[in-house]
Amino acid sequence: MSGSRLGKFLDGAYFDCEVGAMPPFGNLYEIEGFVDPSLAEDEQIAFNAGTHAELIQMSFTDYRRLVKLRIVELVQGQVATR
């Protein structure tokens with residue numbers, strides 16, 4: 001699929017999100033969710049709320065339960081922290 005065709009597809013796929021923003025709950029769009037084990041260690045997480053100006057903060061436990069995330073090693077080696 002070309003870049004322009006993909007863009008048109010994605011613009012229509014997430015009709016309730018701003019263009020270029022990702023939906024916070026992919027399972028509502030039949031998109032499987034994956035998370036690295038390092039994020040699963042955090043008590044609270046924050047993520048875009050389908051816009052470029054709003055975010056949602058909630059416990060990781062609640063998010064995992066709602067989205068039915070699969071914990072998968074996504075990052076290999078050490079990750080630099082600030």
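The values are calculated or read from the model by the stated rules, or taken from the named source; none is laboratory data. Everything quoted here is computed from the prediction, not taken from an experiment. As a convention, Cβ positions derive from the backbone with ideal geometry for all residues, glycine included, and neighbour counts pool all protein chains shown.
Residues in the stretch 38-53 that are at pLDDT 90 or above and in contact with an Asp or Glu (Cβ under 9 Å, 6 or more places away or on another chain): 53 only. Please verify whether residue 56 is on the phi < 0 side of the Ramachandran plot, part of a strand (DSSP E or B), modelled with pLDDT of 90 or more and in contact with a Pro (Cβ under 6 Å, 6 or more places away or on another chain), treating the condition exactly as stated. When the stated conditions are applied, residue 56 passes them. Of the numbered criteria (1) at pLDDT below 90; (2) part of a helix (DSSP H, G or I), the one residue 18 fails is (2).
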